[in-house]
Every structure is written in C-alpha cells, then in structure tokens.
Amino acid sequence: MTKHIMETSKAVAFGAKLSRAGVVPMYPITPQTHIVENIADFINDGEMDAEMIHMESEHSAISAAIGSAFAGVRTFTATASQGLALMHEILHIASGLRTPMVMAVANRALSAPINIWNDHQDTMSARDCGWIQLFCENSQEAIDTTIMAFKISENSKVSLPVMVCIDGFTLSHVYEPVDIPDQKDVDKFLPKYKVHHILDPKKPMTFGPIGYPNSFMQFKLAEQDAMKESIKVIEDINNEFSKIFGRKYGDGLIDLYKMKDAEYAVVMNGSTCGTARVAVDELRSKGKKVGLIKIKCFRPFPKEQLKNVCKNLKAIGVVDRNISLGHEGAIMSDLRSSLYELKEKPRVAGYILGLGGRDITDCHIKDIFEKLEKGEIKSNEWMA
C-alpha cells in the first residue's frame, strides 16, 4: 500500500479504478462531480481501462448503468441530491432486476429551498428502493467501502445494487491521508466481474416483463430474501477485507466505540461519527460511561446486531441528519422498532441535527449525553 493525501472524492474514484469498473455512465451534479472528474482523468491518462458515457441526465445515467451491467461489464456511477431524486423511478427497476452495480452518493440536502450542503435526506428518501446503503466516516473508509461494495453487489446470494454514501463537502471535498491498496491485492480480493444473468443473444432471457398479481409478490419476496441474505455476506466480506488489507469497519454493519461498559450511547452515521468520538473521549476522561454506535450499513438495517448491543444500555440518543416530515428521523424509527421486542428496553431519544449543512459539533453530542443522563427523553427534538 502507498499513503497519499487526497480528497475523499478522489479516494472513491480510486476505489472504482482499483475495482476495474469498465463502464461509468455519468451526469455531473454538486458535490459528487469531483468523483467522475477524477475517473475521467484516470481514463484519459491511460490509467483506467473504462468507458465513460456522458449522459443527458441522471435518469439516463442510471438507465445506462443497468444496461452495461447486464451486458457483462462492471459498472459504477455517482450522483447526489436532486440527481438521485431524478433517478428514483429507475432505482426501483435496478433493484427489481437484481442489477449488480455500485453508485457513490455525495449526500446533499434536497430542495426547496435550494441547498448544496450536506444532510442525508436524499438517500434516506430512497431507503425503500431495494438498494444496499453503506455510509462512510472518512476518506479511508470511502475507498475501502467502494471496493467491498462491488464484491457485495456481485455475490450470487445478493445481486443487488449498492450505494456508497459520503457526506457532501463535509467529506467529499476534504483532504485526508489514504492508504491506496495495491492492485494485485484488490484483484485477489475482488475477482473478475461475472454477472449471473446476462443479455446474450445466444442464450435469450427476458428482463423486467410484466408481473401479474399472481407472481409480483414472489419477485418482491426474492428481493427481500436477498436483502436479508446480504447481512451475512457483508459481515463475511468485511472480515475477508480485513485479512488482506488490515482494516475492518466493525462487523461491516455497525461499528462500536467504547461500548464495552457504556450506560449511554449515541447512534448515528456518516462523517459526524468522528465528531462523536471526540465527545465520547472527553466525557470518558471525566468518568462518564458513554459510547458510540455507528450505523455503517443502513439497508439492510442491522436489527439483531443493534438489539444485542443496546439491550443493557440505560438510554440512547439517535442523531438523524434527515427528517421524515410529519414523523421523526429515519434511524430513530428503525432503531426504536428494532428494540421493541426487548423485555427491558432502553429509553430512546431522537434528535434532528445538521439539516442543509448546519454544523454538528462535539458540544451537540455532549449536550445529548447530558439530556440522556438527566432523563430528558424526546422522540423528535430539533437541535440548532
């Protein structure tokens, strides 16, 4: 491995390059544009053997990605915010067709009002589309997750598209030290692309035919079963990655920080986890038994893993950088329902922070821990 200082967007581009993605349909949108710009540089410099297709919209980009994947080529694309929203129709089609592909999303607020800064509203709004969703905390995790995402997506027990989510600007445009894996090690970890169902005139198949009421549910059940099966696949691939590259991200689903004797914990995802670690360290130095539960994989939701780690806690604070308007944050809803079966449930408080790029500081996290300790429990508290 070689260490470089680079923008996270370039780290993601390196992940696609090292994974030997062969087709990259793209349409630029802030703040993901640097990802595909770096891939364009790799291609133009002869460092990456791939075809970049310049599309007329994000809807077209994701449509072309489906076609290239089923033509037998490893496929990568990227988008953000309104671009992901424009793809929405095809997101369901990609998962319903069981399309193996990887898409990076530089998370950004959805309009209106117009806002180009980070929150998680875009991918959370797509959480029911049948895509695996993996969130990254830093640049190293971004390149590693991109590589692992291809192997997860292409596993025969899964065959589902994967989103690699990085916080827009907060992470996508930040420069950090990154270990670039050797190509030979990536080739050892990630075998050549082999699609399980391919568009081949020598072996005709029908993709996406009409699903009548007597069969449609079976297709959806197959997707659901694949999602559940992917939990074990994600764990196994995380472990395999660790053996080759020396890095792992919890169990691949959740990542715990100072949780062995914790009585109170915050649950969150994305780059803000780095801020939470600082707050946890400071409170630990003062004798507080606090910890961090990082959601690495949001879909499939790691219900059993969270039940196991949360069952002995006194209280949990969930930080959502999104809002299901009229209700509460998405992580809050999923976590609380996951803990419903516990006989003795920890108190769960929900906090909406960071919408539209509003800063989330260590003071916010320490304030949440103070509220939890005092027993101030709300399901939907907005913190500025």
- Task: Report, by chain and number, residues whose modeled amide H sits under 5 Å from the one on residue 52, excluding near sequence neighbours (fewer than 5 apart, same chain).
- Result: 24
- Which value, in debye to the nearest 20, gives the size of the charge dipole of the chain about its Cα centre, when Lys and Arg are +1 and Asp and Glu are -1 at the Cβ? 1220 debye
- Query: So what's the gap between the Cα centers of segment 186-209 and segment 97-154, to the nearest angstrom?
  - Reply: 23 Å
- Query: So what is the relative contact order of the chain, in percent, for Cα pairs below 8 Å that sit 6 or more residues apart?
  - Reply: 16 percent
- Item | Choice from 300, 181, 113 showing the highest fluctuation, given a GNM over the chain with Cα pairs closer than 10 Å | 113
- Task: Take 193, 264, 351 and order them by how many other Cβ atoms sit within 10 Å, fewest up front.
- Result: 193, 264, 351
- Expected max-MSF residue from 82, 140, 218 in the GNM of the chain (alpha carbon, under 10 Å) is 218
- Cα-centred dipole magnitude for segment 254-382, charges only on beta-carbon of K, R (+1) and D, E (-1), debye, nearest 20: 320 debye
- Note on the structure: Counted neighbours (other Cβ, 10 Å), sorted fewest up, put 227, 332 in the order 227, 332
- Task: Compare the Cα positions of 118, 312, 353 along the charge dipole of the chain (+1 at Cβ of Lys, Arg; -1 at Cβ of Asp, Glu; about the Cα centre) and return the one farthest towards the positive end.
- Result: 312
- Query: When the Cα centres of segment 52-77 and segment 329-382 are compared, how far apart do they sit, in Å?
  - Reply: 38 Å
- Eligible aspartates and glutamates near residue 220 by straight Cα distance, threshold 15 Å, same-chain separation 8 or greater: 128, 229
- Note on the structure: Straight-line reach check, residue 374, cutoff 26 Å on alpha carbons, 8 or more apart in-chain or any other chain, hits among lysines -> 258, 260, 286, 288, 289, 294, 307, 311, 314, 343, 345, 366
- Query: Rounded if a/c is under 1.5, else prolate if a/b is larger than b/c, else oblate: which is segment 252-307, with a ≥ b ≥ c the root eigenvalues of its Cα gyration tensor?
  - Reply: oblate
- Select from 26, 124, 205 the residue whose mean-square fluctuation is largest in a Gaussian network model of the chain (Cα-Cα springs shorter than 10 Å). 205
- Would you work out the charge dipole size for segment 86-215 about its Cα centre, treating the Cβ of every Lys and Arg as +1 and the Cβ of every Asp and Glu as -1, and quote it to the nearest 20 debye? 800 debye
- Query: Once Lys and Arg get +1 and Asp and Glu get -1 on their Cβ, which of 170, 145, 199 lies farthest toward the positive end of the dipole of segment 137-202?
  - Reply: 199
- What residue among 380, 107, 302 has its Cα farthest toward the positive end of the dipole of the chain, where the charges are +1 on Lys, Arg and -1 on Asp, Glu, each on the Cβ? 302
- More than 23 Å apart: what percent of Cα pairs in segment 2-245 qualify? 46 percent
- Translational D in µm²/s for segment 115-206 (Stokes-Einstein at 20 °C, 1.002 mPa s, Kirkwood Rh from C-alpha pairs): 138 µm²/s
- Task: Only helical DSSP H runs with n ≥ 4 go in: add -39500 (n - 2.57) per run for the chain, normalise by residue count and round the 222 nm mean residue ellipticity to 500 deg cm²/dmol.
- Result: -12000 deg cm²/dmol
- Give me the percent of Cα-Cα pairs in segment 254-382 that sit more than 23 Å apart, rounded to a whole number. 22 percent
- When 282, 56 are ordered from fewest to most other Cβ atoms inside 10 Å of their Cβ, what list results? 56, 282
- Task: Grab the Cα-Cα distance for residue 244 and residue 344, subtract it from 0.36 nm times how many residues apart they are, and report the gain in nm with one decimal.
- Result: 32.0 nm
- Check the straight Cα-Cα distances from residue 188 and name the lysines below 16 Å, setting aside those fewer than 8 residues away within the same chain. 17, 151, 243
- Query: What full-extension length gain, to one decimal in nm, is calculated for residue 202 and residue 236 as 0.36 nm per residue of separation minus the Cα-Cα distance?
  - Reply: 8.7 nm
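Computed from the coordinates by the stated procedures, all read-outs in this text should not be read as laboratory data. From a predicted model like this one, the values you see are computed outputs, not experimental measurements. All Cβ positions, even for glycine, are placed from backbone atoms using ideal geometry, and neighbour counts span all protein chains on display.
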